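Worksheet: the structure to be examined is printed underneath.
The values are calculated or read from the model by the stated rules, or taken from the named source; none is laboratory data. What you see is a predicted model; the values in this text were computed from it and never measured. Using ideal geometry, Cβ is built from the backbone for each residue, glycine included, and neighbour counts are taken over all protein chains shown. Surface accessibility is based on the protein's heavy atoms, side chains included, excluding ligands, DNA and RNA. Shrake-Rupley method; radii C 1.70, N 1.55, O 1.52, S 1.80 Å.
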Amino acid sequence: MCGIIGILGEKEAAPLLVEGLRRLEYRGYDSAGVATLSNGHITRCRAEGKLRNLAKKLGDTPLSGTTGIGHTRWATHGARTEDNAHPHAKEKLAVVHNGIIENYAELKEELEKHQYRFETETDTEVICHLVTHYLKEGLTPRAAANKAFDRLEGAYAVLLIFAGEHNLLIGVR
């Protein structure tokens, strides 16, 4: 079972995100990751396996930033790999997702026609590309997220952060 957490704060987010994920550790999962906003850019760290693997990677290469999202993943779409671990990120946003997007194949096919290329086997990456598509159309982060959420079918919870938007964390359930 997946777990997601988001932080908009004044302290460094990555250690707090890992602690929040640690509290969700009783749930089964196969990978974990965090993304933060640092100097207007999205940075992320993901690891296959237990949370201690992510904590070690962050110990070796810490992420800065006071806004961030975190995720523990139980694979439903795609293999148990670091590439499929959340958060998924593009230049302008990062996303974590719990649940299933039932119409992801249809949305993926539509986005591929617009030249979007998928790097993972997950339904979550569809959210990332769909919001990116609406941002490229000139929508604000809030409007792009809302338009994307209107198109998603299934039972899910999603958290998004956006490059350059340190005071914005968007979530839907």
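Between residue 22 and residue 83, what is the FRET efficiency for a Förster distance of 25 Å, r being their Cβ-Cβ separation, to the nearest 0.05? Let's see the in-between values first.
On the way: r = 23 Å, r/R0 = 0.94.
Using R0 = 25 Å, I get an efficiency of 0.60.
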Fill in the blank from the handout: Expressed per residue, the solvent accessible area of the chain in Å² (1.4 Å probe) is about 49 Å²
Handout entry: the chain shape via C-alpha gyration tensor axes, a/c threshold 1.5
Key = oblate
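Helix-only mean residue ellipticity at 222 nm, the chain, DSSP H runs n ≥ 4 weighted -39,500 (n - 2.57), per residue, nearest 500. What is it?
-9500 deg cm²/dmol
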Completion exercise
Note to self: C-alpha centroids of the stretch 134-173 and the stretch 1-60 sit apart, in Å, by 20 Å
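Roll a 1.4 angstrom probe over the protein heavy atoms and tell me the percent of accessible area of the stretch 3-152 that is carbon or sulfur.
Working: 3400 of 7260 Å².
That share works out to 47 percent.
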Fill in the blank from the handout: Result: in the chain the number of Lys pairs with C-alpha under 29 Å apart, spaced 8 or more or on different chains, is 24
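State whether the stretch 73-173 is rounded, prolate or oblate according to the following rule on the C-alpha gyration tensor (a ≥ b ≥ c being the square roots of its eigenvalues): a/c under 1.5 gives rounded; otherwise a/b larger than b/c gives prolate, and the remaining case gives oblate.
Since a/c stays below 1.5, the shape of the stretch 73-173 is classed as rounded.
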